[in-house]
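S.K.: Below is one structure. I have some questions about it.
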Amino acid sequence: MTETQVQPNPLLDGLGPRRAPEPCVLVIFGASGDLTHRKIFPSLYSLACRKLLPEKFAIIGAARSQWTDDEFRDQMEHAVREFGRDDFKPEVWNWLAEATRYLSLDFSDESRENELSTLLNEIDEERGTRGNRVYYFAVPPQAMPTLVRELGERRTTEGWTRLIVEKPFGYDLASARELTELIGKHFAENEVFRIDHYLGKETVQNMLALRFANGIFEPIWNRQFVDHIQITVAETLGIEGRADYYEHAGAIRDIFQNHLLQLVALTAMEPPIDFTAESVRNEKVKVLKAMPTPGPRQVVRGQYGPGYIDGKEAVGYRDEEKVDPASMTDTFIAAKLYVDNWRWADTPIYVRLGKRLARRETTIAIQFKRAPHPPFEDATTEELQPNLLLVHVQPDEGVSLAIGAKVPGQGMRIRTVHMDFLYGGAFRTELPDAYERLILDAMLGDQTLFTRSDEVEEQWSLVDAVVAAWARDRPAFPNYAAGTWGPAAGDELIRREGREWLRH
Amino acid sequence: MAAPLSATHAHVEEWSGEDVAVDDVVRALCRLREESAHETEGPDLRTSVMTHMAWVPSEWEEAAVETLAGLGERHPSRGILLFPEPDAEDGIDATVRMLAFPLREQRRHIAAEVVSLRLRGLSTRAAASIVNPLLVPGLPVFLRWRGRPPFGQPEADDLIQVCDRFIGDSGEWPDVPDAYAELPFESTAVSDIAWRRTEPWRRELAGLWPEIAEIGKLGVRGPLAEATLLAGWLRSRLDRDIELEHYEADSLDGVEIDGSECPTPVERLSGSDLLSAELDEFGRDRVYEAAAERAAV
């Protein structure tokens with residue numbers, strides 16, 4: 001038998017890959033919700049402004065609300081005007097609106113799933129979307145199983161299918177596995193895109209560029225040169241009316257399980273062999289597997305009481321609407337973590353996260369060891385701090401390096417100065433919203449910035465172990481005032497080892 | 001002198017002088033940056049990714065400033081605009097502008113430097129010696145040349161030696177395709193904005209593979225530069241003789257393969273987009289070099 005040799009296309013030389021998705025329909029379940037208004041539709045509009053959406057494209061908003069197509073379009077136009085990062089351009093909006101339909105759908109009414117299939121087929125005919133589907137689950141976790149089952153049972157062999165799943169992916173390890181199993185009955189792992197929107201942030205991706213595109217950092221990115229790492233995910237906001245969710249989740253499930261552990265993994269991971277989804281995620285999973293469960297003395301939890309934010313009074317967590325007045329839900333976590341591998345053995349990673357803290361910021365701080373033998377008198381260097389590399393994830397996205405420099409003048413006095421690289425400043429361009437990048441990547445089938453099932457399971461496994469230990473004690477909540485940096489025990493956690501939290 | 005490059009900057013510090021020396025310009029750059037420190041908590045941040053030179057004969061001044069205005073947001077750089085006046089009395093007039101762009105949630109600003117030099121008389125022939133002290137050390141130098149560069153003449157060749165990438169627009173040259181034979185491929189990496197304009201069409205044509213492999217005649221409705229480059233590209237990539245049938249038009253708006261219309265791409269790029277794309281390129285573009293070489297055949 002002779003093999004037919006496929007000749008490569010010589011006209012593609014030098015053109016480079018074009019990040020243009022194939023024709024498809026994006027179905028948003030939970031289309032009347034806050035996420036669709038604030039993030040999903042404004043992101044789709046920004047993608048449309050940059051002509052990054054496929055030419056043959058359609059959106060179906062699906063939710064319980066009884067809206068018509070036009071009512072839904074009106075709602076989304078308001079959302080784009082209010083939350084979009086681009087100026088409103090009627091010609092772009094008209095294109096997007098024309099591609100948008102709405103389906104009033106009760107997720108618990110399985111019989112109405114047929115209406116969706118009918119509408120999808122109709123759109124394929126009209127717009128040439130070739131049976132390609134992206135299903136975006138912007139719905140509460142309890143709505144997921146029905147949707148997955150119904151969509152799975154009705155999937156056809158025509159075109160490709162991708163599911164975008166919002167966090168939380170499960171409530172604990174058991175429920176996450178259950179959900180993975182259910183999805184796995186109908187969809188392959190490479191069809192599932194679990195969103196952790198932190199991974200869509202430019203500065204989080206820049207962490208990979210900083211580490212693996214610069215020869216100067218990687219050789220010192222290890223236990224020999226790094227004294228410790230601090231990761232802070234601080235919010236000034238409270239729970240913003242989300243008591244139903246937050247009372248069950250707490251800070252540990254809302255932030256620690258996903259965003260924070262992702263930041264730890266990206267900071268500590270080994271260089272991947274390439275930037276493909278599997279290589280990057282393999283390295284992140286290795287970090288999570290190497291993290292021992294922190295002991296009870298290495299985790300501090302807190303809950304905010306009344307205080308002041310931006311000069312205004314803020315109520316305590318237990319006084320928030322719909323919150324149990326005796327709630328024991330955590331709104332703050334501080335922990336000392338380790339990654340037990342060759343690179344990081346015995347190097348503490350201090351993390352803290354919480355609501356109603358003193359300032360909104362997400363930073364990763366790499367604190368290097370002091371110079372071994374500064375040849376200066378002690379008095380000349382008393383203001384000198386060890387070198388510090390600060391990655392500002394938000395706000396003021398960028399990187400600062402603290403170095404010692406001579407103070408101008410007679411004699412030798414050395415103090416710490418910061419060299420700043422401000423991300424938005426260097427490139428003078430508005431950073432795209434994380435959702436823009438992630439929605440586009442899902443349409444393109446690129447899973448690099450999405451969480452894999454084994455990654456989620458490792459995260460839950462760590463969280464379950466931490467939470468299990470909490471059953472044995474009952475802290476005196478509230479234990480920090482809104483507008484501060486958390487409970488005193490959080491400071492003690494790091495201070496007892498002769499270190500301090502950074503005041504950035 | 002040229003107008004400020006962007007309307008979005010918070011404020012402009014400016015220095016100008018007539019009959020100046022290059023040292024005066026260097027000192028002015030330092031002084032303006034130091035002065036920016038008085039108002040805020042430190043000097044304005046300077047985060048350049050390149051030195052961006054532009055050689056702008058008077059007839060291109062307006063168009064050049066308009067294009068550069070669309071770039072300030074995307075490519076932070078030290079801009080050096082050279083306005084040659086070979087017939088004027090010898091000397092250099094200079095304006096140095098420090099444009100301060102506001103930063104979200106920051107009191108400090110990002111500074112962009114724009115040096116405009118009017119090169120009079122003899123100084124037009126020694127431009128390289130004037131710009132050398134003004135280049136930002138360690139960063140790539142891009143040279144945008146408006147109009148037809150006099151390749152082989154000192155004023156062009158010396159500046160080309162200084163730069164890492166030469167960016168022209170053969171659509172501005174009256175003698176294409178012959179001019180392609182003079183391109184300085186051995187001295188520096190070369191970009192051609194006319195070539196960039198053909199990119200959406202090249203993508204469409206690439207989509208016609210493998211049927212397009214047997215093409216005999218290419219019809220192009222558009223400027224001559226783009227038409228000859230497309231023909232050169234197909235000849236070089238497919239390694240065959242292809243006849244070009246050219247219909248003059250202001251923009252590239254139709255391509256035929258052996259009489260059949262090629263699908264029209266939707267992508268349309270502005271002048272700033274086109275130059276911006278070239279400023280993101282660093283290495284030699286071998287595909288362009290081969291296309292330019294066979295454009296005239």
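S.K.: If you check every pair at least six apart or on different chains, which have Cβ atoms under 6 Å apart with a residue in the stretch B:49-66 that is within 14 Å of chain A (Cβ to nearest Cβ) first and a residue that is in a strand (DSSP E or B) second?
M.R.: As it stands, the answer is B:50/B:77; B:50/B:142; B:52/B:77; B:52/B:79; B:52/B:142, since those pairs meet every condition given.
S.K.: Just checking, how many residues over the stretch A:58-114 are at pLDDT 90 or above, surrounded by 13 or more Cβ atoms within 10 Å (Cβ to Cβ) and among the polar types (S, T, N, Q)?
M.R.: 3
S.K.: Okay, moving on. Identify, from the list A:401, A:493, the residue that is buried (at least 20 other Cβ atoms within 10 Å of the Cβ), closer than 27 Å to residue A:226 by Cβ and either of a type in the set (A, V, I, L, M) or in contact with a helix residue (DSSP H, G or I) (Cβ under 8 Å, 6 or more places away or on another chain) (or both).
M.R.: A:493
S.K.: Related question: Condition test on residue A:391, is it within 17 Å of residue A:227 (Cα to Cα), crowded, with 19+ Cβ neighbours inside 10 Å, of a type outside the set (Asp, Glu) and modelled with pLDDT of 80 or more? Write out each step before concluding.
M.R.: Working: within 17 Å of residue A:227 (Cα to Cα): yes; crowded, with 19+ Cβ neighbours inside 10 Å: yes; of a type outside the set (Asp, Glu): yes; modelled with pLDDT of 80 or more: yes.
So residue A:391 passes the test.
S.K.: Given the criterion more than 26 Å from the chain's Cα centre (by Cα) and of a type in the set (Val, Ile, Thr), identify the matching residue among A:299, A:285, A:315.
M.R.: A:315
S.K.: Still on this structure, please answer the following. May I ask you to verify whether residue A:187 is crowded, with 16+ Cβ neighbours inside 10 Å and touching a Lys or Arg at 6+ places or on another chain (Cβ under 6 Å)?
M.R.: So residue A:187 does not fit the description; no.
S.K.: Among the residues that make up the stretch A:349-362, is at least one of them part of a strand (DSSP E or B), modelled with pLDDT under 95, in contact with a helix residue (DSSP H, G or I) (Cβ under 9 Å, 6 or more places away or on another chain) and surrounded by 19 or more Cβ atoms within 10 Å (Cβ to Cβ)?
M.R.: Within the stretch A:349-362, one or more residues are part of a strand (DSSP E or B), modelled with pLDDT under 95, in contact with a helix residue (DSSP H, G or I) (Cβ under 9 Å, 6 or more places away or on another chain) and surrounded by 19 or more Cβ atoms within 10 Å (Cβ to Cβ).
S.K.: Next question. State all residues of the stretch A:115-126 that are in contact with a strand residue (DSSP E or B) (Cβ under 8 Å, 6 or more places away or on another chain) and at pLDDT below 90; if no residue qualifies, say none.
M.R.: Matches in the stretch A:115-126: A:115, A:116.
S.K.: Let me ask something else. Any chance you could count how many residues in the stretch A:447-504 are in contact with a His (Cβ under 8 Å, 6 or more places away or on another chain) and within 19 Å of residue A:291 (Cα to Cα)?
M.R.: Result for the stretch A:447-504: 0.
S.K.: From the list B:190, B:255, B:220, B:176, exactly one residue is touching a Cys at 6+ places or on another chain (Cβ under 8 Å), touching a residue at least 12 places away in the same chain (Cβ under 8 Å) and either more than 30 Å from residue B:135 (Cβ to Cβ) or among the hydrophobic types (A, V, I, L, M, F, W, C) (or both). Which is it?
M.R.: Within the list B:190, B:255, B:220, B:176, the selection yields B:255.
S.K.: Mind listing whichever residues of the stretch A:310-335 are buried (at least 19 other Cβ atoms within 10 Å of the Cβ) and of a type in the set (A, V, I, L, M, F, W, C)?
M.R.: Across the stretch A:310-335, the qualifying residues are A:314, A:323, A:332, A:333, A:334, A:335.
S.K.: Right, next: Is at least one residue of the stretch B:79-101 modelled with pLDDT under 70, within 14 Å of chain A (Cβ to nearest Cβ) and in contact with a helix residue (DSSP H, G or I) (Cβ under 6 Å, 6 or more places away or on another chain)?
M.R.: Our first condition is that a residue be modelled with pLDDT under 70; within the stretch B:79-101, this holds for B:101.
Restricting the remaining residues to those that are within 14 Å of chain A (Cβ to nearest Cβ) gives B:101.
Still in the running and in contact with a helix residue (DSSP H, G or I) (Cβ under 6 Å, 6 or more places away or on another chain): none.
No: zero hits.
The values are calculated or read from the model by the stated rules, or taken from the named source; none is laboratory data. What you see is a predicted model, and the numbers here were worked out from it, not measured in a lab. Counting neighbours? That spans all protein chains shown, and the Cβs are built from the backbone with ideal geometry, glycine included.
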